[in-house]
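The structure appears right after this line, and notes come after that.
The values are calculated or read from the model by the stated rules, or taken from the named source; none is laboratory data. As the structure is a computational prediction, the values presented were derived from the model and not from experiment. Every residue, glycine as well, gets a Cβ built from its backbone with ideal geometry; the counts of neighbours run over all protein chains shown.
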Amino acid sequence: MAKRAHEAPAAMPPTQFTQVKIGGETYRLAYSFNGLAEAEAITGCNLLQGMREVIVGGLTAANFRGILYAALRKAQPGITLAGAGDLLETAFRDGETLEVQKALLATYGISFEQTDPSVAAPQAEHSGDSNIASYGSTSGEPLEST
């Protein structure tokens, strides 16, 4: 039987990052499908279900920690699952959990919803002391790609 020739996959678009401020420190966030799958293996959680829970409610502590962990791994490769949990403890203490959830949704949006960040990521409106832009940097400028 003849082997089928496979075309090389198209080049991956550059990674788009969002950012979130937790405890006065800024962290860059990005998702990849492989990164989510690897984080699921480490956490034992269904992280796509976790993203759904961010949107509709019912987010568990394990899924919240897991989806933050998965988002942090690309820009902070030394992050551990416990380290992501420590960041969430800080966010809870400082009243930043809603901002973290918004950042995770924004990150998911630019990572999976559209490949063109100008379509997927309209500039966020800043309101008061918001720590993040829904898509982009805290200054409202798009973040760099790598």
Being modelled with pLDDT of 90 or more, in a helix (DSSP H, G or I) and in contact with a Cys (Cβ under 7 Å, 6 or more places away or on another chain), is that true of even one residue in region 38-53?
-> no
Please identify the pairs in which a residue from region 65-82 that is touching a residue at least 60 places away in the same chain (Cβ under 8 Å) and surrounded by fewer than 19 Cβ atoms within 10 Å (Cβ to Cβ) has its Cβ atom under 7 Å from the Cβ atom of a residue that is outside any loop (DSSP other than H, G, I, E, B) and of a type in the set (A, V, I, L, M), counting only partners at least 6 apart or on another chain.
-> none
